[in-house]
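Step one of this worksheet: look at the structure below.
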Amino acid sequence: MHQVLVIGAGPAGAFLSYLLAKEGLDVVLLEKAKMPRPKPCGGAISLRAKNLIGFDLGELIEDEINHLVLTHNFVDPLEVRLDSPLAYLVDRKRFDFFLVKQAFEAGAQVYDEQKVLRIEILPDRVRVFTDRGSFDGQIVVGADGANSIVARTLGFNIKYGRALALDCSVSLPPEQMLRYKGTAYIDYGILAMGYSWIFPKATHLTAGIGSFLPRKDKKLKLELKNWLETYGLGNDGNRLEVKGHIVPTGLHTTTYHQERAILVGDAAGLTDPFTGEGIYNALLSSKLAAQVILDCTRKNKSIDLQPYSQLIKKNIIPELRAAARLALLFYPFSGTVHNLFCKKPELVKSLLQSVYAGYDTTGVLRQYSKLIVNFINSS
């Protein structure tokens, strides 16, 4: 019997597997797809996520964001130049596979093309059934994203806000790519509750649009097309297939553990409800999970995963609540807020660098919420 079974080889699952395996635990990492596999995502790794992960990402970094162009409903561009990179841009296929390799080299057993069918909690173990066999372990970890089979099978009461995002890649000649190097283009007026983006990569652009309110896929595709055409990128011959994915933002969950099971990352609904960014909390929740699991195994105690839920509520949920409050103030009044940013561009610079670098993030979000309320009331 193994000690830990991790379901899902995204950043949360791979990083947790690495953290546990390097401490000598018997870890099995299961992934339904064949690795490496593509992943729809903007691929922006925040500074605090990069610092948390601790690895030298080296050649994985395809560009750095140190310049932003912000617009409201395609007009009134505001340029913001940053003192240090706001985020590092990676290809998620390569990034995720890098983390999986770190887990494997640390001693984790990695099995891809293993679709989990069901999970049983037994008195002395947990049993995971896949389309290729079964695995027994002391603990199972759901790191399998927004539609987590671990959460569904074991009856976790996870309540997400199901935001929807669409992504696509745009290929351009090298001379045209120079225009976008180091620059992120963001528009937050195209949707009532959401935004669109263009991020540069080594050989192409990643463009997308995301809504924090339920919307029809076809409607979002049309708005994405309009966004691309604003920058002369509407030629279908340059664009790869548009892919959609759920962005799970949840603040109504009461527990993230059961007797022998825990949820991490997107499976736990820990995506930021203001930015839609999920990699940082995926990594952080995995680090917290590793602490609890290692404590159980090192002290030869009975399995007690309750401290994990307590750590999530202490270290992650307050920031998500502050971000949700800011989102409700920002997006419905984005035109007014954009005027504020245009008048005081140092505010948006400070906000972005504080949030993405992780300096008292909860306090900063609350501070800006108050500032926006005062500005709206005075307008």
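Some observations on this one:
- In terms of other Cβ atoms within 10 Å, ILE190, ILE7 run from fewest to most in the order ILE190, ILE7.
- Among GLU346, GLU229, GLU23, the order by Cβ neighbours within 10 angstrom, fewest to most, reads GLU346, GLU229, GLU23.
- Size descriptor, Kirkwood hydrodynamic radius, that averages inverse alpha-carbon separations across segment 252-379, Å: 16.2
- For segment 139-164 versus segment 314-341, the gap between their alpha-carbon centres in whole angstrom: 25
- Too-long pairs where the Cα-Cα distance tops 27 Å, listed order kept, from LYS159/LYS218; LYS159/LYS201; LYS50/LYS101: LYS159/LYS201
- Here SER211, SER171 are placed in order of increasing Cβ neighbour count within 10 Å, fewest first, which gives SER171, SER211.
- Screening the chain for whole DSSP H helices with an alpha carbon extent of at least 24 angstrom along the helix axis and a mean Kyte-Doolittle hydropathy of at least -1.0 yields 279-298, 361-378.
- One way to sum up the overall shape of segment 157-287 is the equivalent ellipsoid from its Cα gyration tensor, whose semi-axes run 32, 17, 12 Å, largest first.
- Only Lys, Arg (+1) and Asp, Glu (-1) charged, at Cβ; the chain dipole about Cα centre in debye: 800
- Here's the list of aspartates and glutamates a cross-link from LYS225 could span, going by alpha-carbon distance under 17 Å and ignoring same-chain residues fewer than 8 apart: ASP167, ASP187, ASP217, ASP236, GLU241.
- Farthest towards the positive end of the charge dipole of segment 269-363, among the residues GLY335, ILE279, PRO307, is the Cα of PRO307, using unit charges on the Cβ of Lys, Arg, Asp and Glu.
- Put simply, the C-alpha atoms of segment 325-378 give a gyration tensor, and the ellipsoid matching it has half-axes of 18, 13, 9 Å, longest first.
- Share of pairwise Cα separations in segment 119-165, more than 12 Å, in percent: 67
- Computed on the Cα trace of the chain, the radius of gyration divided by the Kirkwood hydrodynamic radius gives Rg/Rh = 0.98.
Read the figures in this text as sums done on the coordinates, not as results from a lab. Quantities reported herein were computed from a predicted structural model and do not represent experimental measurements. Glycine gets a Cβ as well: all are built from the backbone with ideal geometry, and neighbour counts include every protein chain shown.
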